[in-house]
Structure formats: C-alpha cells, structure tokens
Amino acid sequence: MIPVALLVTVFLFALIRMAPGDPVLTFAGEERDPALLAAIRTDLGLDDPVPVQYAKWLSHAVRGDLGRSFQTKQPVLEAIGERLPATLELGAAAILLSVTISLVVGTVAAIKRNSPLDLLSTSLTLAGVSFPNFFLGLLLILLFSFVIPGRLFPPGGYTPFGTDALDNLRRLVLPAVTLAAASAAVNMRQMRSSLIEAFNQDYIRTARAKGLPERAVITRHALKNALIPVVTLIGIQLGAIIEGAFITETIFFWPGIGRLAVQAIPSGDYPIVQGVVLVSALSFMISTLVVDVLYAFLDPRISYGGSAT
C-alpha cells in the first residue's frame, strides 16, 4: 500500500498543477499588479518549482499535515473532518441498501431462474447500470419532490441526525438510492450468476443427495461460496463511495467531502482537492485490504500464511 499511495500522491500533485486556471489570479480578482501577484504566489507557497512544492507537501503529509485551504486558511484535515461524517452517513446508507437489494433479489432470481421475477430483476439491473447517477438523481428529485403530491422527500439539503432524526432520514433517502443504484444492479447480477454457477457444483449435488433441506443447501453451502466475487465488488464499491459522492453530494447539496472538493476545484484550492483525493485513494486501498482478509474467511482453501499442505 505504501508505494501505491506514493504513486497516487505523485500523479495527484502533477495533474492538479496541469489543470487550467491559476489560484493566484482568483485571489487577485481584477487586480493585475505584478508585485501583488508575486506576493500572493509567495504566500500560497506557489513560487517554488513544482518538484520542490511536492517535496514540501509530502514531508508534511506523512506527518498528518495536509496544509491549509487557500480560500479559508482552515487546515485541510479539519475541513475534511467536519465534512466526513456526512459522507460516511451517505456512503453507509448506500452500501447497506446496495448489499441488501443485491443479496435478496440476486438470490431469489437465481433460485427462480428464467421465471418472470428473474426477467424483471434482469431488466432492473440493466436500468440501474444504464442510468448515470446525475440523471437518476435529478429524476428522483423531480418525481418524489415535485410530481407526486405531498412532496414525499425533500429535494436536497442536510439535517444532522442529532438535530432531527426523522428529517435526516427523509433527506437521506434520495441521495442514498442515487448512489446505490448502479452498485446494487452490478452486485445483483453478479450474485445471480455466482449462485447459479454454485448450484452446478458437485458439492451441492452431494449435499442434496444427503437429504439436506434446500434452505440449508443454499445458505450453508451455495451462498457462502457464491459471495466471494460479490465481496470483491462490494469492496471496490466501498472504496469508491467518495468518488461517487462527488456528483451525488453536489446534486443534493449534501455537505460531504465530495461537495467540498467540487467547490474547491473552480477556485484552484489545491490543498483541499489534494486532501480529498488522497483520502479517497486511501479508503480504496484499505477496503481492498479488508476484502483480501475476508477471502480467507469465506473460503478456507485460501491462505496467506506459507505454503499449503
């Protein structure tokens, strides 16, 4: 993970500096006095060559200091810490919704293969993958906030759970569904395929030949083995939650770190963008590590400790 994280920081730092726009001009406004521009550049630490800027930033980052926002002068970690709970709440709700739908519907579709229910789930899978989340989010806002009488769900905004739990949940529904739709569709399809493949294995035939109830065959034998590729997908999606939240949080005015980065991009607030992307990359790597550990739990044949006997 360490060399991967280092490469991420190199590409991240270089790509942000290659983006069009100059934060110095944003700060200066209409003023174009060379002396003022030079003073602002020095104050922001942008007067050094890019490799020197990277070395300074990395030396502070490994100590937990990601710098300060160009706009607000707030420490980046503090700004991320204030927005992270909202992103984690949205991400947890989306993952929970995605996993629940995919496991239940995917399992039923595999058991009732080629039935009308299976065909319906396949159609929903295609729709979930085909709709971009920005389009789905706007569609849900239009439908549930304006078209259906009674405004079932607010079109956006955020209320802390501790302030008003009911209003928090009402505002959480639409962005969580938007963020979960594509991953639920992919997971459901993978769950169905994996379970159908497991049903054709010899150990399933043996379990049925022994007279085990069909529920035990599915839950104790087929389902556990079919979960391995699904867990892989869920782990990847868990790490990518922050990436998906960039668009979803912007559409629904959700005050998470995704929206924080989107607001920082036009002004060239490099430290904020670098900090959010770095946190996103680290979350992706950690979730991948957790998935690797879960493999050994789900399949005893997988071992990471020495040679197999």
Next on the checklist: Show the residue pairs meeting these rules: Cβ distance below 9 Å; 6+ apart or different chains; first residue within region 203-214 and acidic (Asp, Glu); second residue modelled with pLDDT under 85.
Outcome noted: 214/208
Checklist entry - Only one of (1) modelled with pLDDT of 85 or more; (2) open to solvent by 80 Å² or more (accessible area, probe 1.4 Å); (3) touching a helix residue (DSSP H, G or I) at 6+ places or on another chain (Cβ under 6 Å); (4) not small (Gly, Ala, Ser) fails for residue 66. Which number is that? => result (2)
Checklist entry - Restricting the search to region 198-229, which residues are of a type in the set (S, T, N, Q) and surrounded by 15 or more Cβ atoms within 10 Å (Cβ to Cβ)? => result 225
Checklist outcome for this item: Filtering region 62-87 down to residues that are within 23 Å of the chain's Cα centre (by Cα) and in contact (Cβ under 8 Å) with a residue 40 or more places away in the chain yields 66, 76, 77, 79, 80, 83, 84, 86, 87
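Each row is one residue, and each column tells you yes or no for (1) hydrophobic (A, V, I, L, M, F, W, C); (2) in a helix (DSSP H, G or I).
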{"position": "254", "(1), (2)": "yes, no"}
{"position": "274", "(1), (2)": "no, yes"}
{"position": "283", "(1), (2)": "no, yes"}
{"position": "288", "(1), (2)": "no, yes"}
{"position": "291", "(1), (2)": "yes, yes"}
{"position": "294", "(1), (2)": "yes, yes"}
{"position": "297", "(1), (2)": "yes, yes"}
Checklist entry - Hey, any hits in region 22-29 for a residue that's open to solvent by 70 Å² or more (accessible area, probe 1.4 Å), over 18 Å from residue 264 (Cβ atoms), in a helix (DSSP H, G or I) and not aliphatic (A, V, I, L, M)? => result no
Checklist entry - Restricting attention to region 252-259, does a residue exist that is among the hydrophobic types (A, V, I, L, M, F, W, C), over 24 Å from residue 288 (Cα atoms) and open to solvent by less than 30 Å² (accessible area, probe 1.4 Å)? => result yes
Item to check | So residue 91, is it at positive phi and either surrounded by 13 or more Cβ atoms within 10 Å (Cβ to Cβ) or touching a residue at least 12 places away in the same chain (Cβ under 8 Å) (or both) | outcome: no
Next on the checklist: So, in region 236-252, how many residues would count as being in a helix (DSSP H, G or I) and within 10 Å of the chain's Cα centre (by Cα)?
Outcome noted: 10
Checklist entry - Is there a residue in region 145-158 that is in contact with a helix residue (DSSP H, G or I) (Cβ under 8 Å, 6 or more places away or on another chain), of a type in the set (A, V, I, L, M) and within 22 Å of residue 89 (Cβ to Cβ)? => result yes
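The values are calculated or read from the model by the stated rules, or taken from the named source; none is laboratory data. Note that the structure is a prediction, hence the values are computed from the model and not measured. Neighbour counts are summed over all protein chains in view; Cβ atoms, including those assigned to glycine, are modelled from backbone coordinates with ideal geometry. Just so you know, the surface numbers come from the protein's heavy atoms only, side chains and all, with ligands and any DNA or RNA stripped out. Shrake-Rupley method; radii C 1.70, N 1.55, O 1.52, S 1.80 Å.
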